[in-house]
Amino acid sequence: MLALIDEYWRMGVEIILLWVLFYQIYRVFRATRGIRILVGLAMIVIALTIASILLKLTVIGWIIKSAATVLAFALLIIFQPELRNGLARLGSTGFFSSTTSEQKEFLDTLADAVVQLSNKRFGALFAIERSISLENHAETGISIDGALSKELAVTIFHPKTALHDGGMTIGSERVGAAGCVFPLSQRELSDRSLGLRHRAGLGISEETDAVGIVVSEETGSISICVDGEIEKRLSEADFRKRLEELFLSPGTPHEKVDQQELDSEARRIGSGDRDMVSD
């Protein structure tokens, strides 16, 4: 046994290092538009290679080896935007790079803006960037690149403005873009009162690790979407506490809201709580 370990331990280390490397690359590129194409293409190449080896298909094996170099250069050209954005995210230090006091100040500003939108019953949708960049989604909207304030949020999500139907991306404590189109979650939701904004908040939290914040246009209720799960109808105190847990104490365990309680509350509110995006 010791002889085997002494002979093959380097191979085990290589396998572990390669696995960590490929996993980190996947984490960086998983939110890009071309990742599904890249994964599908890789699976096809791997399947054909295995089949050519097992079944001794010499022609297919020769074609794969001959086309490997050309295919590598073609992928670099085809996925140039995704590679550029992904490599830029490798050096990212996450959502916050400032001191704790500055982080707290920004979260207070964000919470104040959301609460004011809730009181005015202005429908709103935010995506707060964490380790995965939202640049691809920000490109679907109008670039803002400005400091967040209550006045800016209320102006953008006012029902009479051109950008109120889209989402707002926030990263590095600044507003990236507004009027953005977020992917809609395709999951079957038990609460029929949830509209397109809530589905968009869920969708962005499913495709990235961003935190989605939704303000209902019908009721003014505040919801948070994290990792494909939604926490609905949060009070102001609970909302502020949850923001601090997510961004100031990321290691804090999250206690999920009981689904039966949410369903009963939805039935109590009734069919009048329909949050559909206005024209």
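Under the 0.36 nm per residue contour assumption, what length would be gained going from the current alpha-carbon distance of Leu2 and Glu105 to full extension?
Numbers: separation 103, 0.36 × 103 = 37.08 nm, distance 5.73 nm.
Using 0.36 nm per residue and subtracting the Cα-Cα distance, I get 31.3 nm.
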What is the sum of charges around Gly176, taking Lys and Arg as +1, Asp and Glu as -1, for the other residues whose C-beta is under 12 Å from the C-beta of Gly176?
-4
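Tell me, what is the FRET efficiency for Thr155 and Ile60 to the nearest 0.05, using R0 = 41 angstrom and their Cβ-Cβ distance as r? It would help to have the intermediate numbers written out before the result.
On the way: r = 60 Å, r/R0 = 1.47.
The pair Thr155/Ile60 has a calculated efficiency of 0.10.
Between Ile142 and Leu184, what is the FRET efficiency for a Förster distance of 22 Å, r being their Cβ-Cβ separation, to the nearest 0.05? Provide the component values of the computation, followed by the final result.
Numbers: r = 20 Å, r/R0 = 0.92.
That pair, Ile142 with Leu184, gives E of 0.65.
Computed from the coordinates by the stated procedures, all read-outs in this text should not be read as laboratory data. Just so you know, these numbers come straight off a predicted model, no measurement behind them. All Cβ positions, even for glycine, are placed from backbone atoms using ideal geometry, and neighbour counts span all protein chains on display.
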